[in-house]
Each structure stands twice: as structure tokens, then as C-alpha cells.
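Bear in mind that the values in this text are calculations on the coordinates, not laboratory data. Model, not experiment: these values are computed from the prediction. When we count neighbours, we look across all protein chains shown, and the Cβ atoms used for this are built from the backbone with ideal geometry, even at glycine.
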Protein chains: 4
Amino acid sequence: MEDGHIKKLEEYFARFPGVGPRQAHRFVYYLLWQNSSIVSDIAHTILNLKKHIGQCKNCFRYFPKDASGQYTLCRICSDSSRDNSILLIVEKDADLENIERTGLYNGNYFVVGGLIPLLETNKSRKIREKELLSRLTHEKSIIELIFALSAHVDGDNTVDYIKKILKPHMEKNEIRITVLGRGLSTGSELEYSDSETLRNALKNRS
Amino acid sequence: MEDGHIKKLEEYFARFPGVGPRQAHRFVYYLLWQNSSIVSDIAHTILNLKKHIGQCKNCFRYFPKDASGQYTLCRICSDSSRDNSILLIVEKDADLENIERTGLYNGNYFVVGGLIPLLETNKSRKIREKELLSRLTHEKSIIELIFALSAHVDGDNTVDYIKKILKPHMEKNEIRITVLGRGLSTGSELEYSDSETLRNALKNRS
Amino acid sequence: MEDGHIKKLEEYFARFPGVGPRQAHRFVYYLLWQNSSIVSDIAHTILNLKKHIGQCKNCFRYFPKDASGQYTLCRICSDSSRDNSILLIVEKDADLENIERTGLYNGNYFVVGGLIPLLETNKSRKIREKELLSRLTHEKSIIELIFALSAHVDGDNTVDYIKKILKPHMEKNEIRITVLGRGLSTGSELEYSDSETLRNALKNRS
Amino acid sequence: MEDGHIKKLEEYFARFPGVGPRQAHRFVYYLLWQNSSIVSDIAHTILNLKKHIGQCKNCFRYFPKDASGQYTLCRICSDSSRDNSILLIVEKDADLENIERTGLYNGNYFVVGGLIPLLETNKSRKIREKELLSRLTHEKSIIELIFALSAHVDGDNTVDYIKKILKPHMEKNEIRITVLGRGLSTGSELEYSDSETLRNALKNRS
């Protein structure tokens with residue numbers, strides 16, 4: 001019974017994160033089932049999303065524009081009480097938000113926008129390389145760069161790549177590069193810990 | 001960092017079937033990440049959904065309208081080769097589609113649009129009661145009504161309720177009412193079957 | 001640190017149903033951790049298991065022997081109030097127990113002791129074929145044989161095989177052979193039912 | 001159909017780690033199904049377990065006794081090439097084995113035998129307190145004590161308790177106490193890391 005229109009919308013929904021074809025199908029029927037005013041409001045909210053949400057020119061995360069639409073910096077980047085000597089590099093907005101929620105970090109952020117898979121050949125295409133270099137060149141206050149990427153192969157590969165391209169700049173400006181500490185995360189059981197985690201936990205004992 | 005616009009869209013997505021607040025949040029960021037032409041196309045596809053999809057006046061399932069938009073019956077209800085002596089009652093479009101996929105049923109359908117929870121007081125509000133009565137009154141060819149609702153408390157309660165309200169009509173017109181057979185479904189292990197299933201399996205042995 | 005003794009016990013435990021090597025290993029340490037009197041009691045309970053538990057000469061299920069150790073029939077087979085015109089064939093004791101728990105069946109049982117995989121060549125080795133034939137030959141009261149095997153390929157294959165070998169006997173003695181009813185089991189959702197189940201549910205509607 | 005003997009064995013099996021009543025039941029039937037010589041061998045292997053396996057007088061882990069049965073130290077504790085200046089404290093044998101498997105640690109061990117729950121009143125009953133004190137008193141070579149307990153509330157509570165009771169001894173003998181490093185374990189995603197882990201990861205960045 002599928003026609004082109006339903007199929008097209010199903011295909012769009014199936015590309016949403018974590019949605020399979022079956023759920024995409026149910027989304028379409030959910031919308032058909034709603035009354036027209038709600039469906040119309042959902043559509044217009046999506047349509048206007050980018051008008052209301054801007055991308056910070058400094059850290060590249062998304063943030064709500066004000067009425068005038070003229071601000072180009074997000075709340076954190078406009079906050080003069082943040083410590084502008086530290087820059088923490090995250091992959092995506094959700095990582096940044098999780099760190100902000102802890103209330104433990106008061107420096108600035110840079111959303112690098114992706115990770116570089118181990119076998120990727122076009123590495124610079126995957127991350128905001130030029131934008132990061134440009135920020136480091138212009139923001140002289142930075143004395144430490146913290147990598148807060150996920151603790152797996154692609155995360156480590158991304159750290160290695162960025163370290164390499166930043167090396168001349170870092171040395172010239174005496175910027176310290178650090179990586180989030182590795183070891184036992186909360187709840188880890190010794191019996192089931194992998195050997196890489198045990199190696200880090202032994203090395204970083206204190 | 002949430003503003004009203006993101007929050008509003010998150011709340012809409014969180015009402016989609018099987019979507020929690022965390023996934024709704026990721027949907028919004030997924031859209032922010034897409035380029036504007038795709039987001040605009042998704043929004044317009046949703047906006048036009050109801051223009052392209054009609055609801056069959058006969059069986060109440062959704063179906064694609066043709067260019068003229070004038071047809072009011074779905075493909076199955078317009079198909080004169082279907083056996084119009086049998087009417088199979090399902091809860092929703094997905095159930096109908098699953099039965100069609102088997103290729104085992106050649107009669108007609110009626111999508112009753114919901115189930116009646118055991119403690120529901122306003123029973124007629126939950127299902128297309130008037131529409132079903134009207135169809136049975138006008139379609140004199142029907143000699144069997146098959147209930148194909150899910151095999152749980154709410155499904156059984158719905159069957160009981162509809163049987164009761166249809167009783168006078170059924171008796172006057174000598175229409176037979178049947179319910180899908182109960183027993184072991186494919187893959188059932190005896191050791192783990194519940195006693196209601198075993199009761200049906202013993203009773204319906206053949 | 002494994003020595004032969006621990007390894008041997010681990011290998012025994014790893015053959016227990018549903019136990020992997022890791023859990024088997026934990027079983028051994030659990031025992032090492034217990035005090036000697038408990039470990040000794042566990043060992044002796046296992047050692048004496050077969051002395052206290054007999055196998056019914058009639059239905060082949062396991063049952064507790066009495067003090068004299070002289071009875072050879074289980075509680076059900078010794079119960080003269082059971083309906084000895086019906087014999088229900090199950091794969092294993094757990095299936096029989098599950099059916100007894102429903103309180104819905106008052107006939108007798110035969111535990112066939114296994115299922116025949118579809119590609120098995122030595123079919124008679126997998127089940128108590130001779131014992132079943134012998135019982136049917138001697139128990140003249142039986143007028144119905146119910147197959148209560150699991151509803152999957154191996155179960156169906158076993159039914160087919162036994163039906164074939166029993167055919168001459170069944171026809172001569174006018175014994176009826178039935179199989180547990182197939183259809184929607186409790187909780188089945190129409191949307192997710194497989195086509196074999198829907199075929200049975202449509203065929204067995206009532 | 002349960003008699004006392006089956007029930008007793010089921011109850012023993014149900015206390016095995018990770019085994020529920022249903023699986024315990026299946027274990028008993030598994031044994032009934034095996035031939036007598038295997039069941040007898042399993043029982044005797046359990047019966048002789050403690051005769052063949054001793055507990056090391058030094059680190060308290062289990063180890064295979066030799067034929068003479070006279071050795072009282074395990075392979076690691078008898079190994080003069082191990083670094084006897086470091087003592088690593090683990091909860092149980094499985095933790096010790098996991099660390100040995102990495103090949104990254106060459107010091108000695110002490111199996112403390114349990115963790116102290118946060119609300120435990122009789123704390124010393126849960127762990128080998130006296131034995132640990134005695135070992136530290138006699139083994140003058142030790143200069144570092146590493147706690148390698150699981151990274152959760154009970155583990156941390158146990159570390160706190162032992163640190164307190166060892167304090168006088170540690171200070172007098174200038175023994176350093178360390179705890180395995182905390183931070184992101186292998187595979188950790190920033191987006192889903194808890195705030196305690198992020199706090200440690202930020203603090204221990206390097």
C-alpha cells in the first residue's frame with residue numbers, strides 16, 4: 001500500500017539516529033493518526049529550526065539565537081567568567097553538555113565535530129581542523145588543550161592526528177596538551193576489566 | 001543550553017512511538033547537523049502527508065490518493081476480486097498489512113482503530129463503533145466476521161464488547177462471528193508455555 | 001593456576017545446561033569457598049541422586065522412590081483416577097510438569113525423551129521408539145494419542161516420524177492421533193505474528 | 001513430583017553463583033539423565049576438591065597441592081623472581097587471575113576475601129584483617145601497598161576501612177599506599193560517562 005510519499009518520509013525517518021525501517025514506518029502512521037494542526041505545527045517547528053538555532057562561531061556548538069538574531073557566540077563563549085586559559089576539545093554537543101552538567105569544568109570548549117576512523121584516508125575532512133588551528137592562532141590566552149574524546153580506537157586516533165598537526169604551533173607557544181585520565185571508571189569490576197584498562201589503572205595509581 | 005524552540009521539537013519527538021527524551025534530543029541535533037535543503041524537504045514532506053494520504057471510507061486504513069484526489073476507497077476495497085462475504089476486523093493498519101503479506105486471506109477488512117482497555121468506561125470512544133455498524137448494515141454480502149485482534153486482555157475485552165453490541169444485528173442477518181484460533185504459536189516451547197495457551201492448545205487439538 | 005582437578009570439575013560444570021566456561025569456573029571457586037561439611041553434603045546428595053530417584057517404567061519420567069525402593073511406577077501412572085484412554089506424548093519431564101501444573105489434563109503421559117532434528121539420520125536413536133510401541137501394544141485402553149511437542153521444526157519432524165512408524169498400529173486399533181492446537185498464543189500481537197502462526201490462526205478460527 | 005532429595009539438590013544448586021531456581025531444577029534433571037558412572041565421577045571430583053586444592057598461607061588464594069601435599073605456598077608466592085616490595089590487594093581469586101593475565105604486574109598479592117558494605121557494622125568479619133596485618137608486620141620488604149578493589153561504593157568503603165586500620169603501621173614503616181587509577185575505562189563514551197568518572201578523568205588528565 002506504500003506510495004511514494006509515505007516511502008519518502010519513512011526513508012527520512014529511517015536515517016534518524018537509532019531508528020530502523022519498522023519504527024520509521026510507525027512514525028509515519030503516528031503522524032497520519034494525529035490531527036492536522038499538530039502535524040502542521042511539527043512540520044513548521046522543523047522548518048524554522050535553523051532560523052532559531054545558530055552555530056557558535058567560536059566553539060561550533062548549537063545555541064538559541066536571540067530575537068535580533070545578531071549574536072554569533074553561545075552562552076559559554078560569551079561568558080567572561082570562564083577560564084580562557086584552558087580549551088577542552090570534544091567530539092559533539094552531547095559530550096559538551098554532559099561535561100557542563102557535572103559543573104566541574106570552568107574553561108572553554110571546542111566541538112571538533114567528528115572522530116577520524118583508523119583507516120580514514122581523508123582525515124581533515126572528518127574534523128574542524130582549520131577552525132581549530134585558526135582559534136588557537138587567535139586566542140593567545142590558551143595555555144592548555146585538553147582532549148576529551150571517547151576512550152576507544154577512533155577517539156585515540158583522532159587525538160594522535162590532531163596532536164601531530166598542532167605540534168609546531170604547540171611548541172612555539174608552549175601550550176600544554178593533556179588527555180582525560182584513563183583507569184577504572186565508576187562501577188568497574190576488577191574481574192571483568194580489560195587489560196588496557198588495567199594497564200592504565202596500574203600506571204595511573206595514586 | 002535548551003531554548004524554547006529545541007525543547008518544543010524534543011517534546012514532539014518524544015511522543016513518537018518508542019522514542020524517549022534522550023533519543024528525541026538526538027533527533028533535534030541530527031536535524032541541526034543536516035543541511036538546510038534536507039531539513040526543509042523533511043518538513044514539507046510531513047506538511048503534505050495528509051494531502052497525499054487519504055483514509056479509506058470503507059475500511060478506514062490509510063492509502064495514497066491519486067493525482068485527482070477523488071478516489072475514496074483503498075486498493076483492497078476497490079478490488080472486485082476480493083471475497084466480500086468475509087470481513088476481518090483488525091486494530092490498526094500494521095496488523096492489516098501483516099495479514100496481507102501472508103497472502104493467505106482474500107476477504108475484506110475493517111480497521112477498528114483501537115482496543116478497549118479492561119477498565120475503560122467510555123468504550124465506544126475507543127473504537128469505530130458507529131462506522132462498523134453502518135458498514136454491516138449496508139454491506140449485505142457479509143456472512144462471516146473474523147476478529148483478528150491481539151491475543152491479550154485488551155484484545156479479548158474489545159472482542160467481547162463488539163460482540164455484545166453487534167449481537168442483535170448478527171442474529172437477524174445470520175452472520176457468523178469467529179475469532180482467530182488460539183494455541184501454540186510458531187516456536188512455542190512446551191516447558192515455557194503459559195497455562196492459558198496450553199488450555200487453548202489442548203482444546204483446539206486436531 | 002589451574003590444575004587438573006579444578007579443570008576437570010570446570011569441564012563437568014561447563015556441560016550443565018546454560019553454563020559457560022566462565023560460570024563453571026565460578027562454581028568451582030564457590031565450592032572452594034564453602035566449608036567442608038557443605039561441600040561433602042553436596043557431593044553425597046549428587047552421589048545418591050539415582051538411588052533415591054527412579055525412572056517410571058510406564059511413562060519414563062523421573063520420580064522419588066519410596067523407602068523400600070520397590071515401586072516402579074510414578075504417582076501419575078499409579079493413579080487409577082486418571083483417564084487411561086488418552087496418552088499425551090511430551091519430549092521431557094519439564095514439559096510434563098508444566099502441563100500438570102495447569103490442572104487441565106487428566107489423562108496419562110509418555111516422555112519420549114528427545115526430538116529428532118530435521119537432518120538426523122539415526123532417527124530411532126533419539127527417542128524411545130520401542131518403548132512407545134510396546135506401551136501402545138499392551139495398553140488396550142488408549143483411544144487417543146496427543147502430541148504435545150514444541151511448535152518448531154524439530155518438534156514437527158518428530159511428530160511426522162512417530163506418526164509414520166505408528167500408522168499400522170493406529171489404523172488396526174482405531175486410535176485417534178491429535179496434535180496440540182496452533183494459533184495465537186497468549187500475548188501475541190497481530191502486527192508481529194509470523195505467517196505460519198497467522199495461517200494456523202486463520203485456519204483454526206472458531 | 002518433587003521429593004526431598006531432588007528439592008535438596010535443587011536448593012544447593014540455586015545457591016551457586018548466577019543460578020536461579022529454574023536452572024537449578026534443570027541441573028538436577030541433567031544429572032538424572034547422565035549415566036551413573038559420570039554422576040559418580042562428578043560427585044567424587046567435588047568430594048575431593050578440597051583435598052587437591054589448598055589455600056596459600058601467604059596470599060590466601062587457592063592453588064593445587066602437589067602429590068606430597070606438603071607445600072603451603074602458591075606458585076606466585078614461591079616465585080623468588082617476583083618483586084617483593086609491592087603488595088597488591090584484591091578482593092578475590094578471579095581479580096588476581098585477571099591481573100596476572102595482563103602480564104603487567106610482577107609484585108605479590110594478598111586476597112582480602114571480601115568487600116565491606118557501606119552499612120556493615122561488623123567490618124572486620126568481612127575481610128582478612130588480622131592476616132593482612134600479620135603479613136605486613138612480618139614482610140619487611142614491602143614498600144608499597146596497591147589497592148585493586150572494584151571501583152564502586154563497597155570497594156571504596158573497604159579501601160577507607162583498611163587504610164584507617166593500617167595507618168599507624170604504614171606511617172611507622174614508611175609504606176606508600178596507592179589505589180588503582182580512576183578515569184575513562186576502555187570504550188567509555190563521553191556522552192554517557194557519569195560525573196564521578198568525568199571528575200576523575202579531568203583530575204587525572206596527563
Could you please find all residues in segment D:113-157 being farther than 18 Å from A:GLU191 by Cα and in contact with a strand residue (DSSP E or B) (Cβ under 9 Å, 6 or more places away or on another chain)? D:ARG128, D:GLU131, D:LEU132, D:ARG135, D:LEU136, D:GLU139, D:SER141, D:ILE142, D:ILE143, D:GLU144, D:LEU145
Test for B:PHE16: is it without any contact (Cβ under 8 Å) to a residue 12 or more places away in the chain and aromatic (Phe, Trp, Tyr): yes
Taking the condition within 14 Å of another protein chain (Cβ to nearest Cβ) and without any contact (Cβ under 8 Å) to a residue 24 or more places away in the chain, does B:SER195 pass? yes
Considering residues that are touching a helix residue (DSSP H, G or I) at 6+ places or on another chain (Cβ under 8 Å) and among the hydrophobic types (A, V, I, L, M, F, W, C), the number found within segment C:149-169 is 4
Output the residue which, of all residues in segment B:135-156 that are under 16 Å from B:GLY181 (Cα atoms) and in a helix (DSSP H, G or I), is farthest from the chain's Cα centre (by Cα). B:VAL153
Can you work out which of the residues in segment A:168-186 that are under 18 Å from D:LYS203 (Cα atoms) and not β-branched (Val, Ile, Thr) is farthest from the other protein chains (Cβ to nearest Cβ)? A:ARG176
Can you name every one of the strands (runs of 3 or more DSSP E) wholly within segment D:1-115 that holds 1 or more residues which are surrounded by 13 or more Cβ atoms within 10 Å (Cβ to Cβ), more than 7 Å from every other protein chain (Cβ to nearest Cβ) and under 23 Å from the mean Cα position of the chain (by Cα)? D:53-55, D:83-90, D:107-111
Among the residues of segment B:160-206, write down those that are surrounded by fewer than 19 Cβ atoms within 10 Å (Cβ to Cβ), among the β-branched types (Val, Ile, Thr) and part of a helix (DSSP H, G or I). B:ILE165
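Quick grid of which residues meet (1) in contact (Cβ under 8 Å) with a residue 40 or more places away in the chain; (2) touching a helix residue (DSSP H, G or I) at 6+ places or on another chain (Cβ under 6 Å):
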site	(1), (2)
B:PHE63	no, no
B:TYR71	no, no
B:CYS74	no, no
B:ASP79	no, no
B:SER85	yes, no
B:GLU91	yes, no
B:ASP95	yes, yes
B:GLU100	no, no
B:ASN106	no, no
Tell me yes or no: at least one residue of segment B:118-134 is in a loop (DSSP other than H, G, I, E, B) and buried (at least 19 other Cβ atoms within 10 Å of the Cβ). yes
